[in-house]
Each structure stands twice: as C-alpha cells, then as structure tokens.
1. Only one of (1) open to solvent by less than 20 Å² (accessible area, probe 1.4 Å); (2) among the hydroxyl-bearing types (S, T, Y); (3) more than 16 Å from ligand 2 (Cβ to nearest atom) fails for S157. Which number is that?
2. Is it true that some residue in the range 314-332 is of a type in the set (D, E), out of contact with any helix residue (DSSP H, G or I) (no Cβ under 6 Å at 6 or more places or on another chain) and either in a helix (DSSP H, G or I) or open to solvent by 10 Å² or more (accessible area, probe 1.4 Å) (or both)?
3. Taking the range 66-108 as the search range and keeping residues that are assigned to a helix (DSSP H, G or I), more than 16 Å from A187 (Cβ to Cβ) and open to solvent by less than 50 Å² (accessible area, probe 1.4 Å), which one is farthest from ligand 1 (Cβ to nearest atom)?
4. Can you tell me how many residues in the range 279-296 are within 10 Å of the chain's Cα centre (by Cα) and near ligand 1 (Cβ under 10 Å from one of its atoms)?
5. How many of the residues in the range 280-313 are among the basic types (K, R) and part of a loop (DSSP other than H, G, I, E, B)?
6. Assess whether D174 counts as being open to solvent by 50 Å² or more (accessible area, probe 1.4 Å), in a loop (DSSP other than H, G, I, E, B) and closer than 25 Å to P264 by Cα.
7. Give the range 131-161 a look and list any residue that's within 19 Å of R256 (Cβ to Cβ) and in a helix (DSSP H, G or I), or say none.
Amino acid sequence: MAFPARAAAALLILRLSLCLSGEAACPAAGRGPARVERRLASMGTVLAVSVAGPDRAAALAASEEAVREIGRVEERLTTWRRGGPLDRVNRARPGEPIVLDPEISELLAAIFAWSERTEDAFDPTVAPLVRAWDLRGRGRVPDAEALARARAATGRSKFRLDAASGEARRLAADAGIDEGAWGKGYALDRAVEALRRAGVRDATVDLGGQVSALGRAAVAVADPRTRDQAAGSLILTDASVSTSGNSERGRVVEGRAIGHLLDPRTGYPASDFGSATVVAPSGLTADILSTAFFVLGPEKGLALSESLRRRGFENQALFLVVANGELKVLASPGLEFHREGK
Ligand code: AMP
Ligand code: MG
C-alpha cells in the first residue's frame with residue numbers, strides 16, 4: 001500500500017441529486033443524463049468517484065480521467081515505494097541537489113509555505129518523528145535519545161528548496177518529507193481539475209474520507225467516538241472537506257494508544273480531543289489545515305482558522321470535542337453543520 005488506510009467507511013456521501021434524469025433511467029441507460037459510481041483501492045485507501053454527465057459514456061470517461069489522475073499523483077508523491085521524486089529527496093546525501101520537475105518543486109514550495117503559516121503545527125518534514133514512533137509499522141514509544149535525534153532532524157530548515165532551478169537539498173542525514181497529511185488533498189485537486197476539463201459540473205470524489213465536490217453535495221462527518229457513525233453533515237459547494245482525528249491508523253503499544261498525528265513542536269502525539277474538520281476551496285488546503293487544527297486543538301485551531309480567513313485564505317473549521325462522553329460542537333461562523341437527529 002502506498003498510503004496508510006484511513007477510515008473511508010466512516011464517511012458516507014449523501015448526494016443531493018442521485019441522477020439527473022430520475023433514478024430509474026440511471027443505471028442502464030446508454031443515452032441521456034447518467035451518473036456513474038465507482039469504488040476502487042487507491043493511495044492505500046478507498047477511492048469513490050461519483051460523476052454526473054450528459055450520458056453514461058461521457059460520465060464514465062470523465063471518471064476514468066479522475067481515477068487515472070489520482071494514480072499519477074500517487075506514483076509521484078509516494079514515499080512508501082522507491083524511486084519517486086520525494087523518495088529521491090529523502091534518500092539524497094546531505095547537501096546533494098535533487099532536480100525536481102515544476103509540478104513537484106512548486107508543490108513543495110506551497111506546502112512549506114503552509115507549514116510556516118500554521119507555525120509548524122502542520123510540518124511536512126515530520127518523517128523522522130514518524131519513524132521514531134514507528135507509525136508506518138507496529139508503533140513504538142521512542143526513548144529520550146531517539147526522540148531527541150528525531151526532533152533534531154525535523155523542520156523546514158533541514159531542507160533547501162530553490163524555486164528557480166527546481167533543486168531540493170536535504171541538509172541532515174535523517175531528514176525526510178512525509179506526504180501523509182497533504183498528498184490525498186493534492187490528488188483530489190488534480191482529480192477535480194481532470195473532471196472540470198472533461199466538462200463535468202456535478203461530481204464527488206472521496207479519497208479515504210476526504211471529499212471534494214464539483215457542484216453541491218452533503219457530506220457526513222464521522223462521530224469521533226464511534227467513527228462508523230455520522231455525527232452530522234455539511235453542505236459543500238465546489239469545495240473540499242477533510243477530517244483529522246485519531247483513527248485506526250494510530251497504534252497501541254503496551255496498552256498505550258499512540259495517535260498518528262504528531263505535534264512537531266514537542267515530538268509527541270498530539271492530544272486527542274475528538275476531531276478537526278476543515279472545509280476549503282481546495283483539497284490541499286483542507287487536508288493541511290485539518291491536520292494543523294487537530295494538532296493545535298479547538299481553541300488555537302479556531303483562532304488560526306479566523307486569522308487565515310482575515311489574510312485571504314478561505315477556510316472554515318469544525319471541531320467535534322468529546323467531553324465526558326458527550327459531543328461538543330465548535331465551528332467557524334457561517335459553517336452549517338447539521339447534527340444527526342437534531
Ligand atoms: P491526516 O490524516 O491528513 O491528518 O495526516 C496524518 C499523517 O500525516 C500521519 O499519518 C503522518 O504520516 C503525517 N503527520 C503526522 N503528524 C503530522 C504533522 N503535524 N504535520 C504533517 N504531517 C503529519
Ligand atoms: Mg491532512
């Protein structure tokens with residue numbers, strides 16, 4: 001698997017329009033408006049694509065473009081296999097320049113800028129810490145020395161990116177880039193772009209629970225206490241929604257739960273309060289900010305969300321906080337979250 005699995009089943013898409021021409025005509029019709037639904041494994045999780053088109057063949061062809069684009073992004077970003085551009089950066093000798101093509105060098109510049117904007121709560125250079133806690137394996141609690149070494153190898157200053165030449169250098173032998181908190185968001189953006197190019201105006205792409213919508217869709221948000229149940233739903237219009245929370249991707253070591261979301265500032269797993277959900281115009285932004293806001297927690301997360309909005313970075317945050325078994329909802333102004341059964 002190229003990416004760790006996420007709780008895909010936890011989120012279900014409640015599409016507002018099941019079929020443009022009425023349900024009965026949908027599945028079999030060769031001509032006339034149709035919706036195509038596909039589910040397959042991609043990026044180490046479940047990819048579900050739902051595309052409406054003028055006819056079945058057009059919707060199917062467009063969905064194929066989206067699936068292909070996500071496969072292409074996975075090939076380019078994965079650090080679970082050898083040979084991709086990020087993997088080459090992660091294996092370079094300290095100071096050795098690796099020449100990246102414009103797509104990857106611009107993407108790295110963009111995510112490093114987000115790391116700065118979130119004051120490193122989101123930190124794509126978290127790979128040494130992910131290794132120290134063995135989050136891609138069975139999990140482990142590192143001793144103080146191993147943790148100190150990992151912390152010393154983490155941080156943007158361990159990389160030098162040169163936008164003009166496209167060169168990337170890692171400056172410390174243990175430094176590494178981890179794509180886990182932003183790769184799927186970027187893949188969603190590219191899939192949506194592929195659908196737009198194909199003329200699609202009504203579609204959803206769900207990659208392991210993060211959903212991007214072309215047009216309007218209602219998306220369920222999982223209850224952090226029981227992740228296979230929805231706590232409520234949000235309406236998306238030409239936007240993406242991402243949730244970060246401790247899931248089955250966390251590990252249990254000697255009876256102690258270790259979350260997969262790390263606070264790069266301490267080197268420890270971020271404290272678990274429930275979940276952070278972000279709605280943003282792009283999948284990349286939603287993915288990055290949901291990770292950052294989980295690490296920051298509800299109070300600081302909501303404050304950063306607002307300050308980013310003031311600086312022109314559109315986003316809305318939803319925090320589901322578990323306190324004494326009850327769910328408390330904290331949300332950005334204007335975010336409409338419909339509680340289940342309320
Ligand atoms: P997400 O589920 O999108 O919040 O991403 C979580 C994944 O990103 C983890 O499994 C790690 O691979 C990586 N990660 C953990 N903590 C951070 C962090 N603070 N910043 C960036 N990536 C992280
Ligand atoms: Mg993320």
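1. Against the list (1) open to solvent by less than 20 Å² (accessible area, probe 1.4 Å); (2) among the hydroxyl-bearing types (S, T, Y); (3) more than 16 Å from ligand 2 (Cβ to nearest atom), S157 comes up short only on (1).
2. There is at least one residue in the range 314-332 that is of a type in the set (D, E), out of contact with any helix residue (DSSP H, G or I) (no Cβ under 6 Å at 6 or more places or on another chain) and either in a helix (DSSP H, G or I) or open to solvent by 10 Å² or more (accessible area, probe 1.4 Å) (or both).
3. Result: S105.
4. Qualifying residue count for the region: 6.
5. Total satisfying the criteria: 1.
6. yes
7. R131, A132, A144, A146, L147, A150
This table checks each residue for (1) in contact with a strand residue (DSSP E or B) (Cβ under 6 Å, 6 or more places away or on another chain); (2) part of a strand (DSSP E or B); (3) open to solvent by 40 Å² or more (accessible area, probe 1.4 Å).
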{"residue": "V241", "(1), (2), (3)": "yes, yes, no"}
{"residue": "V252", "(1), (2), (3)": "no, yes, yes"}
{"residue": "A257", "(1), (2), (3)": "no, yes, yes"}
{"residue": "H260", "(1), (2), (3)": "no, no, no"}
{"residue": "R265", "(1), (2), (3)": "no, no, yes"}
{"residue": "S271", "(1), (2), (3)": "no, no, yes"}
{"residue": "S275", "(1), (2), (3)": "yes, yes, no"}
{"residue": "V278", "(1), (2), (3)": "yes, yes, no"}
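The values are calculated or read from the model by the stated rules, or taken from the named source; none is laboratory data. Since this is a predicted model, take the numbers as computed values, not measurements. Because the Cβ atoms are built from the backbone with ideal geometry, glycine has one as well, and the counts that use them run over all protein chains shown. Side chains are part of the model used for accessible areas, which takes the heavy atoms of the whole protein and leaves out ligands, DNA and RNA. Shrake-Rupley method; radii C 1.70, N 1.55, O 1.52, S 1.80 Å.
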